[in-house]
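Quick notes on the structure that follows.
The values are calculated or read from the model by the stated rules, or taken from the named source; none is laboratory data. Only a predicted model underlies this, so the values are computations on that prediction, with no experimental measurement involved. Cβ sites come from the backbone with ideal geometry, for glycine too, and all protein chains shown count toward neighbours. We work out accessible area using only protein heavy atoms, side chains counted, and drop any ligands, DNA or RNA first. Shrake-Rupley method; radii C 1.70, N 1.55, O 1.52, S 1.80 Å.
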Amino acid sequence: VPTLPAEEPVDLSATATLTLLDARLLTEPAPPESSVLDRDQVQSIRGLGRPQLFERLCAMLFETGPQSVRAIGAALDAGDLDAAAAAAHSLKSAVNNLGGRRLAEMLDALEDTVRERREVQAARRAGAGIGQAYAQLEQALRDEARRGTGT
């Protein structure tokens, strides 16, 4: 019977497991654009018959979104759960209205985690990736706006 080489023991402590999970989340490939932006929502906005409404809503998000993402990160870094949840809530509505379902779900999960668990580390885990998800959504919205205006 062949013997297997001795393996080092696996550290399954909470800290090591969270580190592995966080590393996996940070290195996962970005989702395809279709999962970043709900095109049906974009078409619904465009179907309202108000010229440039989608583009104006995008411009408003582009003005406030990065600041909200930074506010979430700063609040989580400082351990200010209420501020993190408030910033997530304010960003979630605009993102959801423009079809950013995936990011809206992430923001909702952060709010839920703060409300239900009140643990800084859990909130930080729930908030991980929000900045990247926002950047992906913003790019998808910019691409969609260019398609809509023909530029």
*Each residue of region 113-120 in order: what ³J(HN,Hα) in whole Hz does its phi give by Karplus 6.51 cos²θ - 1.76 cosθ + 1.60, θ = phi - 60°, with x for Gly and Pro?*
4, 4, 5, 8, 10, 6, 10, 4
*Tail beyond 19 Å, pair distance distribution of region 77-132 (Cα, percent)*: 20 percent
*Going highest first, how would you order 37-50, 66-79, 123-136 by mean Cβ packing within 10 Å?*
123-136, 66-79, 37-50
_Accessible carbon and sulfur surface of region 42-91 relative to its total accessible area, %, 1.4 Å_ = 56 percent
*Roll a 1.4 angstrom probe over the protein heavy atoms and tell me the percent of accessible area of region 97-151 that is carbon or sulfur.*
44 percent
